[in-house]
Amino acid sequence: MEAGFNDQDLELIKSLKYDPSLEPNFEALKGCLIWDDERPMGLSSEAYRTISSLLVARSLLHKGLTLDDHPINADYCKKVWAAAQQQISDWPGFKRLTLSDEDRKYLEDEIAASFREDL
C-alpha cells in the first residue's frame with residue numbers, strides 16, 4: 001500500500017528538517033499535537049489526508065495506546081503508518097513518538113479544555 005504521496009509531495013516532505021527546539025501546537029479537531037516542522041505547505045489533498053492520518057495515529061501513541069486502538073479503522077491506520085515509515089522514514093513526526101513530561105501535560109490540559117468547551 002502506498003501512503004498517498006506523489007513525487008512532489010515526497011520532495012516536500014523529505015525537505016523537512018527536524019527541529020527539536022520547537023514547541024507543539026494542539027489541533028483540537030484531531031485531538032493531537034503537531035509541530036511546525038511536520039507538515040509542509042503545498043501538499044496534495046491526498047498527502048494532506050495521509051499526514052493527518054499519521055498525526056491521529058501518533059496521537060494514540062502519545063496517549064499510551066497502540067495503533068490497534070484506533071477507534072474507526074485500525075487496519076487502515078496500521079497500513080498507512082507502515083507505508084509511510086517506508087516512504088518518508090525521516091519525517092520529523094516519526095521522531096516524536098513519545099512525549100516529554102511537559103508536552104504530555106500540555107496535551108492533557110488541551111484535551112480537558114476542549115471537553116469543557118464542548119459542554
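Quick note: the coordinates plus some simple rules give every number you see, no bench work behind them. A quick note: this is a predicted structure, and the numbers were derived from the prediction, not measured. Heads up, the Cβs are rebuilt from the backbone with ideal geometry, glycines too, and the neighbour counts pull from every protein chain shown.
Quick notes on this one:
- Shown for the chain is the translational diffusion coefficient from the Stokes-Einstein equation, using the Kirkwood radius over Cα pairs, a temperature of 37 °C and a viscosity of 0.692 mPa s: 222 µm²/s.
- Close amide-amide hydrogen proximity is noted between C32 and E27, each under 5 Å apart and 5 or more residues distant or on a separate chain (H modeled in the peptide plane; Pro and chain starts excluded).
- Result for the chain in a Gaussian network model with C-alpha springs under 10 Å: among K78, K14, K105, the largest mean-square fluctuation is at K105.
- Computed helical MRE - 222 nm, the chain, DSSP H runs ≥ 4 contributing -39500 (n - 2.57), nearest 500: -16000 deg cm²/dmol
- Relative to the Cα centre, the charge distribution of the range 18-57, modelled as +1 at Lys and Arg Cβ and -1 at Asp and Glu Cβ, gives a dipole magnitude of about 240 debye.
- For the residue pairs K14/K78; K17/K78; K17/K63; K79/K105; K63/K95, the alpha carbons lie more than 18 Å apart in K14/K78; K17/K78; K17/K63; K79/K105.
- Mean separation of Cα contacts under 8 Å, 6 or more apart, over the residue count of the range 4-119: relative contact order %: 30
- 15 Å beta-carbon shell around K63, net charge (K/R +1, D/E -1): -3
- Note on the chain: with a GNM built from Cα contacts shorter than 10 Å, the maximum mean-square fluctuation among L67, L29, L54 falls on L29.
- Considering only D37, D90, D101, the mean-square fluctuation computed in a Gaussian network model of the chain, springs between alpha carbons under 10 angstrom, is largest for D101.
- About its Cα centre, the chain has a charge dipole of approximately 260 debye under the convention of +1 per Lys or Arg Cβ and -1 per Asp or Glu Cβ, with nothing else charged.
- Tensor-based shape of the range 52-119 (alpha-carbon gyration tensor, a/c under 1.5 rounded, otherwise prolate or oblate): oblate
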